[in-house]
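The values are calculated or read from the model by the stated rules, or taken from the named source; none is laboratory data. Worth saying up front: this structure is predicted, and the values here are computed from it rather than measured. Glycine gets a Cβ as well: all are built from the backbone with ideal geometry, and neighbour counts include every protein chain shown.
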């Protein structure tokens, strides 16, 4: 399944993924973090700077969009994390585009 995600969305997804789950699920989480991670080339291309507790880049977020081909299990893990965020009433405006992209109500 193909999804277009910006740097901001990739960072948000990475922070939403579970920290503990079954062995099989955590292997999927590790693969997903690797897939969505920011490469050295992207650091240079977009002027990414990491500071204490934050990441900044020098181009508009819309210019950082990249397409990812995600497996069904990866999409399910992301959707599950978004659903939990909603159940816990911790959804922010930054999360809304992800709810739409991953079709989570």
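Scan the range 74-85 and tell me whether some residue there is surrounded by 10 or more Cβ atoms within 10 Å (Cβ to Cβ), under 14 Å from the mean Cα position of the chain (by Cα), part of a loop (DSSP other than H, G, I, E, B) and on the phi < 0 side of the Ramachandran plot.
Among the residues of the range 74-85, not one is surrounded by 10 or more Cβ atoms within 10 Å (Cβ to Cβ), under 14 Å from the mean Cα position of the chain (by Cα), part of a loop (DSSP other than H, G, I, E, B) and on the phi < 0 side of the Ramachandran plot, which makes the answer no.
Out of curiosity, is residue 93 farther than 29 Å from residue 40 by Cβ and surrounded by 15 or more Cβ atoms within 10 Å (Cβ to Cβ)?
Answer is no for this residue.
For the structure I just gave you, tell me whether residue 101 is surrounded by 15 or more Cβ atoms within 10 Å (Cβ to Cβ) and touching a strand residue (DSSP E or B) at 6+ places or on another chain (Cβ under 9 Å).
When the stated conditions are applied, residue 101 passes them.
Mind checking which residues of the range 1-42 are in a loop (DSSP other than H, G, I, E, B), more than 18 Å from residue 66 (Cα to Cα) and within 15 Å of the chain's Cα centre (by Cα)?
Once the filter is applied, which keeps residues that are in a loop (DSSP other than H, G, I, E, B), more than 18 Å from residue 66 (Cα to Cα) and within 15 Å of the chain's Cα centre (by Cα), the range 1-42 yields 17, 18, 19.
Only one of (1) modelled with pLDDT under 95; (2) assigned to a loop (DSSP other than H, G, I, E, B); (3) surrounded by 12 or more Cβ atoms within 10 Å (Cβ to Cβ) is not met by residue 58, so which one is it?
(3)
With the condition kept exactly as written, say whether any residue in the range 42-50 is within 28 Å of residue 86 (Cα to Cα) and touching a residue at least 40 places away in the same chain (Cβ under 8 Å).
Within the range 42-50, none of the residues are within 28 Å of residue 86 (Cα to Cα) and touching a residue at least 40 places away in the same chain (Cβ under 8 Å).
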